Amino acid sequence: MEINKKDWIGNTQSVMATLNASSHSEKDRETNDYYATPPKAVEQLLELEQFNSEIWECACGEGHISEVLKEKGYFVQSSDIINRGYGCVIDFLSFKPNKINGDIITNPPFSKATDFLLKSMEILEVGSKLALLLRIQFLEGVKRAEIFKKYPPKVVYVASRNMRCAKNGDFKNATGNASTYCWFIWEKGFSGNPTIKWFNNEASQR
């Protein structure tokens, strides 16, 4: 199956039925590693990188990334494994299209980030981009080092100022230490050495 605009015409129920969508409990919502993305981080990404006009946000949460992309004129397909009232319910890691049109931009559950990377590289067309917002610790690990040899990121944008993603989308009550986040950018087919750059020099994150 190939995702494109045609596949997403109709209401949410019809799309979910077509894709064999599932429902999840409130308990599931709290145990799926959901940390919402500060909209400012998306705005800054779009100042740094150009993307295809069609984008799949495949861990959309409540739409914090998708809404910024839409405001900037992108056609966005939004989905998540949990129904949080935004987009369609699709388990990205189990979804089986042959290829998809466009790019992927998302903030995946950190525990599943490697799986999201591998799945994206499987279904993206050569030349398409993947942008993942991840903690800088994603650079660590012997197994990931081997994956990076096969799929080196083209650019890693390191946040100069720490960011705070909001647990369960609650920015008003977000507490705890902010983390060093990076935008990891892959371009399928790229085989060179990654470039390290910096972003988020502004004091405000919102």
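Throughout, read-outs are computed from the coordinates displayed, never taken from laboratory work. Note that the coordinates shown come from a computational prediction; the quantities given were computed from them, not determined experimentally. For neighbour counting, all protein chains shown are included, and Cβ atoms are generated from backbone atoms with ideal geometry for every residue, glycine included.
Sorted by packing (mean other beta-carbon atoms within 10 Å per residue), highest first, where do 143-149, 184-190, 83-89, 47-53 land? All intermediate terms of the calculation are to be shown ahead of the outcome.
Values: 143-149: 11.7, 184-190: 19.7, 83-89: 18.0, 47-53: 13.3.
Going from most to least packed, we get 184-190, 83-89, 47-53, 143-149.
Stretch Lys112-Asn162 to full length: gain in nm at 0.36 nm per residue minus the Cα-Cα span?
Values: separation 50, 0.36 × 50 = 18.00 nm, distance 2.20 nm.
Gain in length upon complete extension: 15.8 nm.
So how do Ser179, Ser120 line up by other beta-carbon neighbours within 10 Å, fewest first? Please report the intermediate quantities before stating the final value.
Details: Ser179 17, Ser120 25.
Least crowded to most crowded, the residues run Ser179, Ser120.
Calculate the length of the line joining the C-alpha centroid of the stretch 62-97 to that of the stretch 116-147, in whole Å.
Between the Cα centres of the stretch 62-97 and the stretch 116-147 lies a distance of 19 Å.
Can you list the HN-Hα couplings for the stretch 60-77, worked out from phi with the Karplus curve (6.51, -1.76, 1.60; θ = phi - 60°), rounded to whole Hz and with x for Gly and Pro?
6, x, 9, x, 5, 7, 4, 5, 5, 4, 5, 4, 8, x, 7, 8, 10, 9
Calculate one ³J(HN,Hα) per residue across the stretch 37-47 by plugging θ = phi - 60° into the Karplus curve 6.51 cos²θ - 1.76 cosθ + 1.60, and present them in order as whole Hz with x for glycine and proline.
8, x, x, 4, 5, 6, 4, 5, 4, 5, 7
Quick check: pseudo-label points 7 Å beyond the Cα along Cα→Cβ at Lys150 and Ser94, how many nm apart are they?
Modelled inter-label distance: 2.3 nm.
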